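Chemist: Structure incoming, see below.
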Amino acid sequence: MNRRYAVIGNPVQHSRSPWLHTYFARQTQRPIVYAAYQPAGSFADCASAFFAGGGCGLNITLPYKTDALAFADSASAYARQVAAANVLKRQADGSIRAYNTDGSGFLRDLQRLGATLSDKTILLLGAGGAAQAVAHAINRQQPARLSIYNRTPERAQQLAQQCGGSAIAIADIADERPAEIIINATSASHKQPLSYAPALFRQTQLAYDLSYGTAAQHFLRQAASAGVVQCVDGSGMLAWQAALSFALWEGVLPSVAEAIPHLQPH
C-alpha cells in the first residue's frame with residue numbers, strides 16, 4: 001500500500017513539493033503518494049485529519065512552521081532551537097515528531113554553488129520561520145558578521161540575540177554595513193515585494209532568495225541590476241530540504257542534481 005505524504009501551506013498552489021517527492025519516489029522506487037493542502041480552518045485541524053486518515057508525514061511551508069512545532073508531540077533539538085518545523089513524521093507509536101531541514105538544505109545548496117559563509121559579511125533580510133532556520137545554520141559557519149533586518153525590529157533583535165548577530169535598521173544597511181552575501185527570507189516575496197536601493201548590493205558577491213520561481217524574481221532582478229554576478233533563487237534549497245525530509249520518512253536520501261533544473265524558471 002502506498003504511504004501518504006503531503007505539504008500544508010497558504011498559499012500552496014505554487015508548491016513544487018508534490019512534483020519533487022513524486023520524482024524522489026520514482027528514483028528510489030518507494031511506494032508513496034504526495035498531495036498539497038491549504039487548510040480551510042486551523043493548521044491543527046488539517047494536520048490532525050491527515051494523520052488520523054493514515055498519513056505518514058507532512059512538509060510545512062508558510063505560514064505554519066511555528067504551528068507545526070506546537071502541534072508535534074516531540075521535536076528534534078534543531079527544530080526546538082529555531083522554534084519552527086518544516087517536517088512532521090508519524091512515529092511507530094503514533095506520536096508526531098517535528099524536524100527542520102531548512103537550515104541543512106540551505107547549507108547543502110551553498111556547497112553546490114561553491115559558496116562559503118565562513119569569515120563572510122552576511123545580511124539576512126527577514127526573521128520568520130525560514131529565516132530562523134537559516135540564521136542558526138549561518139551562525140554555525142562562523143561568519144565575520146551576520147546582520148539581520150526585519151520590518152518588525154523586535155523580531156530581528158530577538159533572532160540576532162539567538163544567533164550572535166546584530167539587528168539593523170533599513171536605513172543603515174547600504175550606508176554603513178555592506179555585505180558580501182545577502183539572503184532574502186522575507187515573506188513579502190509572496191505578497192508585496194520590497195524594493196532596495198542599488199547601494200545595498202555594492203559589495204555583494206552572492207544574492208540568494210529563499211523563495212523560488214516568480215516569488216524570487218523581484219529581489220534577484222534588483223541584485224542583478226545593481227551588478228551582482230551570482231543571483232540565485234531557492235530552487236536548490238527547496239530540493240535539498242525536500243530530499244532530507246524524504247530521508248527522514250523513507251530512510252533513503254535521494255539525489256537532487258537532476259531535479260534542480262526542473263524547479264528553476266526558464
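The values are calculated or read from the model by the stated rules, or taken from the named source; none is laboratory data. Please read all numbers here as calculations on a predicted model, not as lab measurements. Note: ideal-geometry Cβ built from the backbone for every residue, glycine included; neighbour counts use all protein chains shown. Heavy atoms of the whole protein, side chains included, go into the accessibility calculation; ligands, DNA and RNA do not. Shrake-Rupley method; radii C 1.70, N 1.55, O 1.52, S 1.80 Å.
Chemist: Which whole number in µm²/s is D for the stretch 177-264 by Stokes-Einstein, with the Kirkwood Rh taken over Cα pairs at 37 °C and 0.692 mPa s?
Modeler: Working: Rh = 14.0 Å.
Calculated translational D: 235 µm²/s.
Chemist: Normalising by the residue count of the chain, find the relative contact order in percent from Cα pairs under 8 Å and 6+ residues apart.
Modeler: Relative contact order, the chain: 15 percent.
Chemist: Can I ask one more? Please work out the average accessible area per residue across the stretch 2-100, using the 1.4 Å probe convention, and give it in Å². List each step's numbers first, then the result.
Modeler: Details: 4410 Å² over 99 residues.
Ligands and nucleic acids excluded, the result is 45 Å² per residue.
Chemist: Also, I was wondering about something else. Set Lys and Arg Cβ to +1 and Asp and Glu Cβ to -1, take the dipole of the chain about its Cα centre, and tell me which of Q264, G234, A247 lies farthest positive.
Modeler: Value computed over the given set: A247.
Chemist: Moving on to the next point. Ranked highest first by average number of other Cβ atoms within 10 Å, how do 133-143, 197-207, 41-51 line up?
Modeler: Order by mean packing, descending: 133-143, 197-207, 41-51.
Chemist: Calculate the all-directions average of the projected area of the chain's alpha-carbon convex hull, and give it in nm². All intermediate terms of the calculation are to be shown ahead of the outcome.
Modeler: Working: hull surface 53.9 nm².
It is 13.5 nm².
Chemist: Go ahead and estimate [θ] at 222 nm for the chain from helices alone: -39,500 (n - 2.57) per DSSP H run with n ≥ 4, summed, over the residue count, rounded to 500.
Modeler: That comes out to -12000 deg cm²/dmol.
Chemist: Let me know the charge dipole size of the stretch 31-178 about its Cα centre in debye, to the nearest 20, where only the beta-carbon of Lys, Arg (+1) and Asp, Glu (-1) is charged.
Modeler: My answer is approximately 300 debye.
Chemist: If you don't mind, another one. Residue-wise, which Karplus ³J(HN,Hα) couplings in Hz belong to the stretch 87-102, taking 6.51 cos²θ - 1.76 cosθ + 1.60, θ = phi - 60°, and x for glycine or proline?
Modeler: For the stretch 87-102, the Karplus-derived couplings read 9, 10, 9, 7, 7, 4, 8, x, 6, 10, 10, 9, 9, 9, 10, 5 Hz, x marking Gly and Pro.
Chemist: Another question, if that's okay. Quick check: convex hull of the Cα atoms in the stretch 98-168, volume per residue, rounded to a whole Å³? Working shown, then result.
Modeler: Values: hull volume 5.6 nm³, N = 71.
It comes to 79 Å³ per residue, whole-number rounded.
Chemist: So, one more: Within the chain, what percent of beta bridges assigned by DSSP are antiparallel, to the nearest 5?
Modeler: 20
Chemist: Nothing charged except the Cβ atoms of Lys and Arg (+1) and of Asp and Glu (-1): what's the magnitude of the dipole of the chain about its Cα centre? Round to the nearest 20 debye.
Modeler: For the chain, the charge dipole is close to 380 debye.
Chemist: Given H placed on each backbone N at 1.01 Å, which residues far from V7 in sequence or on other chains put an amide H within less than 5 Å of it?
Modeler: When sequence neighbours closer than 5 places are left aside, the close amide H contacts are A35, A36, Y37, N59.
Chemist: So between D45 and D93, what do we pick up on full extension, going 0.36 nm a residue minus the alpha carbon distance?
Modeler: Stretched fully, the D45-D93 segment lengthens by 15.2 nm.
Chemist: Obtain the radius of gyration and the Kirkwood radius of the stretch 1-142 from its C-alpha atoms and give Rg over Rh.
Modeler: Looking at the stretch 1-142, the ratio lands at 0.99.
Chemist: Can you list, largest first and rounded to whole Å, the semi-axes you get for the stretch 112-266 by taking the square root of 5 times each eigenvalue of its Cα gyration tensor?
Modeler: 25, 19, 15
Chemist: Further, regarding this structure: Suppose a student asked you for the relative contact order of the stretch 144-266, using Cα pairs under 8 Å spaced at least 6 residues apart; what percent would you report? Walk me through the numbers before you get to the answer.
Modeler: On the way: 173 pairs, mean separation 21.3, N = 123.
Over the stretch 144-266, the number comes to 17 percent.
Chemist: Also: From the residues I148, A70, Q111, which one has its Cα farthest along the dipole of the stretch 13-159 in the positive direction, the dipole being from +1 and -1 charges on Cβ of Lys/Arg and Asp/Glu about the Cα centre?
Modeler: So the residue we want is Q111.
Chemist: Compute the helix-to-body angle for 17-28: its Cα long axis versus the longest principal axis of the chain, expressed 0 to 90° and rounded to tens.
Modeler: 60
Chemist: To the nearest 20 Debye, how big is the dipole of the stretch 1-88 about its Cα centre, given +1 on the beta carbon of each Lys and Arg and -1 on that of each Asp and Glu?
Modeler: Here the stretch 1-88 has a charge dipole of around 360 debye.
Chemist: I'd like the orientation of helix 214-225 relative to the chain: the angle between its Cα long axis and the longest Cα principal axis, in ° from 0 to 90, rounded to 10.
Modeler: Value to nearest ten degrees: 20.
Chemist: Tell me, what ³J(HN,Hα) does each residue in the stretch 240-253 have, in order and in whole Hz, if you take phi through Karplus 6.51 cos²θ - 1.76 cosθ + 1.60 with θ = phi - 60° and put x for Gly and Pro?
Modeler: Going residue by residue, I get 5, 5, 5, 4, 5, 4, 4, 5, 5, 7, 10, x, 9, 8 Hz, with x marking Gly and Pro.
Chemist: At 1.4 Å probe radius, can you tell me the per residue accessible area of the stretch 187-266 in Å²?
Modeler: Averaged over the residues of the stretch 187-266, the accessible area is 44 Å².
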